Amino acid sequence: MTEFDAATLDWQLQYKLLIGSVTPRPIALVTTLGSRGPNAAPFSFFNGVGTDPAMLMFSVGAREGGAKDTIANILEIPEFVVHIVSDAIKEKMNVCAIDYPRGVNEIAEAGFTALASKKVRPPRIAEAPVAFECRLLQRLELGRAPYHVVIGEVVYYHFHEGIVDERFHVDVGKINPIGRLAGRGGYTRITDRFEMARLPVPGGR
Ligand SMILES: Cc1cc2nc3c(=O)[nH]c(=O)nc-3n(C[C@H](O)[C@H](O)[C@H](O)COP(=O)(O)O)c2cc1C
């Protein structure tokens, strides 16, 4: 085994260990709106956290000199849209990750099409296969940086045609999401899928 005591490592080394191991991570492309206009940025510290109500979380790190625009906007308008990043929109997503000054509209910079959302004020991105309109439930400040863990309740769902069937089954092949691996440019696709049935309780209890 290779072992480390966290108390002996600085945060940069632990960042490498964490993001290199917690993989693949789904990627949320999050749109927000503030007094300086709309904003879009990707976050791979992202997941669903519960379904009654449906809840999503993503975690935003610190930026030198203040909060990232996503957090600054959520503090002004506690609403956002989480989009799933598909293979088809990966390059545009990457443009949204550029550290533009506040007030730059990454949706336009990336060449995405902004559409009005149904129940929240931030716009949604037409090209994303799935979009979850969310209202802020809770924002936690964690750690020394700090990280802002944003938890939202899904209030409206958008799927491109053909992704959801009449039984509400989602065809992930049609979403074709990408996942984040470690390093500056590591990503993966879902091209090697398999199924594994849940096991019954031994003895039929
Ligand atoms: C695939 C990908 C995943 C990312 N995940 C995160 C993340 O989980 N947390 C974070 O703070 N930044 C993450 N970033 C960096 C932000 O997207 C970047 O700092 C962005 O400029 C923030 O934008 P904003 O200031 O408009 O909110 C990620 C970047 C990429 C390309």
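Taking 0.36 nm per residue of separation and subtracting the Cα-Cα distance, full extension of the segment from Val95 to Ala197 would add 32.8 nm. The GluC sites (Glu not before Pro) of the stretch 1-88 that DSSP puts in a loop, and whose beta carbon has at most 11 other beta carbons within 10 Å, are Glu3, Glu64. Partners of Lys174 within straight-line reach, counting lysines whose Cα lies under 20 Å from its Cα and excluding those fewer than 8 residues away in the same chain: Lys90, Lys92. A cut-off under 13 angstrom between Cβ atoms defines the neighbours of Gly65, and their net charge, with Lys, Arg +1 and Asp, Glu -1, is 0.
Ranked for footprinting exposure by Cβ neighbours inside 10 Å, fewest first, Phe46, Phe4, Phe112, Phe194 give Phe194, Phe4, Phe46, Phe112.
Straight Cα distances below 19 angstrom link Lys68 to the aspartates and glutamates Glu76, Glu79, Asp99, Glu106, Glu109, Glu141, with same-chain residues fewer than 8 positions distant left out. Fewest-first ordering of His83, His169, His148, His160 by other beta carbons within 10 Å of each residue's beta carbon gives His169, His160, His148, His83. Counted by Cβ distance under 15 Å from Phe4, the other residues give a net charge of -2, where Lys and Arg count +1 and Asp and Glu count -1. Charge tally for Pro42 (other residues, Cβ to Cβ under 13 Å; Lys, Arg +1; Asp, Glu -1): +1. Dipole check for the chain: with +1 at the C-beta of Lys and Arg, -1 at the C-beta of Asp and Glu, and the Cα centre as origin, the magnitude is about 100 Debye. Residue-wise HN-Hα couplings along the stretch 113-124, as the Karplus relation 6.51 cos²θ - 1.76 cosθ + 1.60 with θ = phi - 60° gives them from phi, are 9, 8, 10, 5, 7, 8, 10, 10, 7, x, x, 10 Hz; Gly and Pro carry x. Compared with the direct C-alpha span, the chain from Thr188 to Arg63 gains 42.3 nm at full extension, assuming 0.36 nm per residue.
Each of Leu136 and Val164 was given a label point 7 Å from its Cα along the Cα-to-Cβ line. The distance between the two points is 2.6 nm.
Consider all pairwise Cα distances in the chain and report the whole-number % of them above 31 Å. When all Cα pairs of the chain are counted, 23 percent exceed 31 Å. Averaging Cα coordinates gives a centre for the stretch 167-205 and one for the stretch 1-71; these two points are 21 Å apart. Of the trypsin sites (Lys or Arg not before Pro) found in the stretch 60-125, those that fall in a DSSP loop while having at most 13 other beta-carbon atoms within 10 Å are Lys118, Lys119.
For Cα pairs less than 8 Å apart in space and 6+ apart in sequence, what is the mean separation divided by the residue count of the stretch 6-204, i.e. the relative contact order in percent? Worked out over the stretch 6-204, it gives 23 percent. Among Val150, Val170, Val82, the largest mean-square fluctuation in a Gaussian network model of the chain, built with springs joining Cα atoms closer than 10 Å, belongs to Val170. Each label was represented as a point 7 Å from its Cα along the Cα-to-Cβ direction; for Asn47 and Leu75 these points are 2.8 nm apart.
Sorted ascending by nearby beta carbons within 10 Å, beginning with the fewest, Phe168, Phe43, Phe80 become Phe168, Phe43, Phe80.
FYI, it's all coordinate maths here, none of it is from the lab. Quantities reported herein were computed from a predicted structural model and do not represent experimental measurements. Neighbour counts are summed over all protein chains in view; Cβ atoms, including those assigned to glycine, are modelled from backbone coordinates with ideal geometry.
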